[in-house]
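No lab work stands behind these numbers, since they all come straight from the coordinates. Since this is a predicted model, take the numbers as computed values, not measurements. Here the Cβ positions follow ideal geometry from the backbone for every residue, glycine too, while neighbour counts run over all protein chains shown.
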Amino acid sequence: MDISGFMVRFASEEACEDHLIKLRWKEGFRCPKCDSDQFTLVRANHFKKCSISSSTFSM
């Protein structure tokens, strides 16, 4: 991918974060503490917070 393709694909910080989330949790997010798939994405701090255990996970 050249720089112009990169700029189109990752035009915003949100697009970059979404890509990193998909790379880290290929099968979808699962909390390693409680195995829940429910979470809140806290974009301001760049992490996910499990809705059940309240554990946090960075990207």
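Numbers at a glance
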| quantity | calculated |
| --- | --- |
| Enumeration of residues in segment 1-13 that are in contact with a Lys or Arg (Cβ under 9 Å, 6 or more places away or on another chain) and in a loop (DSSP other than H, G, I, E, B) | Met1 |
| Count of segment 14-49 residues which are part of a helix (DSSP H, G or I) and either free of Cβ contacts under 8 Å to residues at least 24 places away in the same chain or among the basic types (Lys, Arg) (or both) | 7 |
| Scope segment 3-58; condition β-branched (Val, Ile, Thr) and either in contact with a helix residue (DSSP H, G or I) (Cβ under 8 Å, 6 or more places away or on another chain) or surrounded by 13 or more Cβ atoms within 10 Å (Cβ to Cβ) (or both); matching residues | Ile21, Ile52, Thr56 |
